[in-house]
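S.K.: So that we are looking at the same thing, I have put the structure below in structure tokens.
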Amino acid sequence: MEVIHPSVKRAMLEAQSDPDRYWASQAEKLPWFRKWDNVFNWTPPTFRWFEGGRTNLSYNAVDHHVTHGRAGHAALIGLNEWGERRTYTYAQLQDEVKQVARGLRGIGVRRGDRVAIYMPTMPEAIIAMLACTRIGAIHIVIFAGFGGSALAERIRLAGAKVLLAADRTQRKGKTVWLMPIVEKALEQAQVERVVVLRRGEGQPDLVPGRDIDWPDFIAAGQGQSDAYEEMESNEPAYILATSGTTASPKLAVHVHGGYAVGIHSAARVVFGLSPDDVWWSTSDIGWVVGHSYIVYAPLLVGATTIAYEGAIDYPSPSSFYRIIEREKVSGIFTAPTAVRMLMAHGTAAAAGVDFTALERVFSAGEVLNPPAWEWMQKDLFQDRIPVIDHWWQTETGGPVMANAWGLGLSAIKPGAAGIPIPGCFAEVRTAEGEPVAPGEKGILILTRPFPSLTPTIWQDPERYAREYWQRIPGTYFTGDAVHVDEDGYIWFSGRADEIIKIAGHRIGTIEVETAFLRHPAVAEAGVTGRPDELRGEVASAFIVLRQGHQPSEELKKELLRTVREELGAVVVVGEINFVHSLPKTRSGKIMRRVFKAVILKKDPGDISTIEDEGSVEDARDAWREIQAQIGD
């Protein structure tokens with residue numbers, strides 16, 4: 001039996017033999033106002049895709065379907081944890097997008113202007129994103145969980161002219177007021193206008209001359225044009241903050257043409273998305289997954305996409321499963337953090353739920369540890385529904401490593417991210433740029449740009465070149481430690497600076513965390529390295545227990561035995577700390593630098609990392625909380 005599906009092999013060979021021809025064939029699956037002159041122009045580190053082509057991301061996602069017989073098909077279903085449900089057909093979505101486009105023009109937004117969006121994952125926010133790209137404005141969505149300083153910094157870095165904000169959101173039944181955060185941010189950053197979507201009772205006052213509420217904003221667009229702009233393929237559609245080697249976030253740029261081609265291709269090749277799908281990505285629009293696979297790619301395909309505001313396990317752990325059943329969800333994209341959270345509640349929460357419509361589940365964000373995969377694949381879904389890990393970054397726009405389910409399901413290897421998808425080229429090398437043998441750890445690099453890869457950092461091309469293309473010259477540096485097996489599958493060990501070196505052996509933090517998760521008492525595990533005079537480093541573990549289990553010295557011994565059985569005697573665990581929760585970024589990734597700061601008794605801001613999405617402020621809060629739990 002072949003490990004990699006024959007259809008996947010054929011597509012890979014086609015892309016490898018002539019990458020430009022392959023990507024041109026993918027581009028032809030989307031509408032263009034004017035076809036491109038050149039498929040690809042690469043002058044390292046800069047590159048351009050489909051030069052001279054004229055397109056518009058919003059037009060392709062909405063108007064194209066209305067004019068091609070799908071006006072009445074459901075495009076967007078907006079749900080939230082307090083039970084609201086709003087459905088928009090493609091025609092209704094088009095009408096809403098046109099209204100907001102007129103409103104933006106009515107308050108002075110023009111092509112190339114930046115518009116900040118500080119709203120939860122709700123229909124109005126998605127409509128605003130589409131309206132921005134429709135008129136050629138550049139949106140920067142800021143996660144509606146960031147505080148005032150983070151919001152201000154992103155507004156300032158983007159040079160945003162206008163801020164669109166909701167006055168509140170809700171999380172696990174509690175109202176989270178956003179306007180006080182906006183006010184704090186605007187003490188540090190300036191915009192010309194603030195559009196406020198006021199929801200329900202207790203509406204906040206508006207600042208005269210600066211603020212305008214949503215109905216008046218829509219009214220301000222009367223008489224304005226709602227026509228879409230024809231954009232050159234390489235003009236920016238949006239910018240989105242990601243982290244870097246300094247405290248200042250990077251604003252990754254994604255463009256109208258290449259980005260659309262890349263995420264549309266991956267939607268079909270990786271996720272098998274079709275117009276008949278009801279697709280639910282449980283992410284937030286503040287992250288790239290939300291941009292690509294809540295908003296743009298499902299709509300480019302012509303599918304029905306679900307946008308959910310709130311916690312998926314509220315008001316009960318069964319809420320997630322009931323939505324799948326009620327909405328007849330056929331495809332899910334979620335995060336390992338969510339899988340582990342569901343696993344902690346057990347399969348009883350899904351009792352009696354009809355999963356007949358569900359065909360496949362995908363996960364990304366961190367490695368989906370084998371114990372979590374096994375629970376979802378075997379215990380929850382009884383091996384009927386494939387659970388598929390894959391890998392990408394904010395900068396890549398869409399998947400790079402995956403099991404290309406849309407072409408044919410290859411063998412699933414729990415814990416592996418899959419192989420490079422057709423049209424993406426990757427290698428594993430040492431930090432000095434030398435190739436490594438199969439099974440040997442190195443750093444994942446990309447050897448050739450693909451259409452959805454960010455072509456620059458907003459207003460900082462020197463940083464783009466330095467952080468991505470000059471570390472290992474001529475290649476894109478991902479910063480992730482990996483190894484490749486004999487079948488070409490990529491296995492991620494963590495960030496390159498999170499590798500633990502124990503007596504000369506290189507051990508990935510994720511490998512040790514996965515070993516701890518093998519024990520039935522463990523809900524989550526976080527690991528870092530601690531200096532050791534004898535061995536160079538040993539592992540320090542932070543463990544969250546499942547309900548019904550209590551910390552004890554005997555349990556520590558059991559956990560150490562589990563790690564030894566899984567990884568052998570080479571992995572020495574220096575200490576085990578039991579904690580209530582792990583420190584995580586706002587997108588749910590473990591902040592391992594907090595562990596390092598606790599162990600080394602340093603301020604988290606003094607811990608250097610290749611990349612950590614968490615702010616220093618968040619890291620310090622988590623650091624203080626863990627210190628209080630484990631003591632000195």
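Values in this text are rule-based calculations from the coordinates and carry no lab data. On a predicted model such as this, the values are computed, not experimentally measured, just so you know. FYI the Cβ positions are ideal-geometry reconstructions off the backbone, even for glycines, and counts take in every protein chain you see.
S.K.: Quick check for you: which residues of the range 466-499 have the amide N under 20 Å from the point 7 Å beyond the Cα of ASP460 toward its beta carbon?
M.R.: 466-472, 476-480, 496-497
S.K.: Ordered by residue, what ³J(HN,Hα) values in Hz, to whole numbers, does the range 550-560 give under the Karplus form 6.51 cos²θ - 1.76 cosθ + 1.60, where θ = phi - 60° and Gly and Pro are x?
M.R.: 10, x, 6, 5, 5, 5, 4, 4, 4, 5, 5
S.K.: What distance in nm lies between label points placed 7 Å from Cα along the C-beta direction at ASP37 and LEU600?
M.R.: Result: 5.1 nm between the two label points.
S.K.: How big is D for the chain, in µm² s⁻¹ as a whole number, if Stokes-Einstein is applied with the Kirkwood radius of its Cα pairs at 4 °C and 1.567 mPa s?
M.R.: Stokes-Einstein gives a translational diffusion coefficient of 52 µm²/s.
S.K.: For the range 462-470, in order, what is each residue's ³J(HN,Hα) by Karplus, 6.51 cos²θ - 1.76 cosθ + 1.60 with θ = phi - 60°, in whole Hz (x at glycine and Pro)?
M.R.: 5, 5, 4, 5, 5, 7, 10, 10, 10
S.K.: Right, next: Report, by chain and number, residues whose modeled amide H sits under 5 Å from the one on ALA523, excluding near sequence neighbours (fewer than 5 apart, same chain).
M.R.: VAL544, LEU545, ARG546
S.K.: Based on the mean of other beta carbon atoms within 10 Å per residue, what is the order of 197-209, 61-73, most packed first?
M.R.: 61-73, 197-209
S.K.: Taking a ≥ b ≥ c as the square roots of the Cα gyration tensor eigenvalues, with a/c under 1.5 meaning rounded and otherwise prolate when a/b beats b/c, else oblate, which class fits the range 46-157?
M.R.: Oblate is the answer for the range 46-157, as a/c is 1.5 or above yet b/c matches or exceeds a/b.
S.K.: Here's a follow-up. If all Cα-Cα distances of the range 442-568 are sorted into 5 Å bins from 0 onward, what percent lands in each bin, rounded to whole numbers?
M.R.: Pairs per bin, as whole percents: 2, 9, 15, 16, 15, 12, 10, 9, 6, 4, 1, 0.
S.K.: Going by amide H atoms built from the backbone, whose H comes under 5 Å of the H on ALA303, apart from near neighbours?
M.R.: For ALA303, whose amide H was placed from the backbone, there are no distant partners under 5 Å.
S.K.: Calculate the spin-label point distance for SER225 paired with GLU359, positioning each point 7 Å from the Cα along the beta-carbon direction, and give it in nanometres.
M.R.: For GLU359 paired with SER225, the spin-label model returns 4.0 nm.
S.K.: Need the full-extension length gain, GLN16 to GLU192, defined as separation in residues times 0.36 nm minus the C-alpha distance. One decimal, nm.
M.R.: Between GLN16 and GLU192, full extension yields an extra 58.5 nm.
S.K.: Let me ask something else about it. With θ set to phi - 60° and the Karplus curve 6.51 cos²θ - 1.76 cosθ + 1.60, what are the ³J(HN,Hα) couplings of the range 84-89 in order, to the nearest whole Hz, using x for Gly and Pro?
M.R.: Coupling constants for the range 84-89: 5, 9, 10, 10, 10, 6 Hz.
S.K.: Helix 123-135: angle to the longest alpha-carbon principal axis of the chain, degrees 0 to 90, nearest 10?
M.R.: Taking Cα atoms only, the helix is inclined about 60 degrees.
S.K.: Right, next: Find how much the distance from ALA71 to ARG86 grows on full extension, using 0.36 nm per residue of separation minus their present alpha carbon separation; answer in nm with one decimal.
M.R.: Working it through step by step, the gained length comes to 3.7 nm.
S.K.: Going by the alpha-carbon gyration tensor, a ≥ b ≥ c the square roots of its eigenvalues, is the range 409-454 rounded (a/c under 1.5) or, if a/c is not under 1.5, prolate (a/b greater than b/c) versus oblate?
M.R.: oblate
S.K.: Want the number for ASP205 to ARG110: 0.36 nm per residue separation, take away the alpha-carbon distance, what's left?
M.R.: That works out to 31.4 nm of additional length.
S.K.: Once you place label points 7 Å from the Cα toward the Cβ at ASP276 and LYS174, how far apart are they in nm?
M.R.: Going from the ASP276 label point to the LYS174 one covers 4.5 nm.
S.K.: Could you tell me which of the pairs LYS29/LYS584; LYS501/LYS557; LYS378/LYS501 are separated by over 32 angstrom between their Cα atoms in the structure shown?
M.R.: Checking Cα-Cα distances, LYS29/LYS584; LYS378/LYS501 exceed 32 Å.
S.K.: Just round it to a whole percent: the fraction of Cα-Cα distances in the range 173-224 exceeding 15 Å.
M.R.: Tail of the P(r) past 15 Å holds 53 percent of the pairs.
S.K.: A follow-up question, please. Under 5 Å between amide hydrogens, which residues at least 5 positions from GLY112 or on another chain qualify, with H placed 1.01 Å from N in the peptide plane?
M.R.: ALA137, ILE138
S.K.: Quote the FRET efficiency, to the nearest 0.05, computed for ALA311 versus GLU575 with a Förster distance R0 of 35 Å and r equal to the Cβ-Cβ distance.
M.R.: Taking R0 as 35 Å, the efficiency between ALA311 and GLU575 is 0.60.
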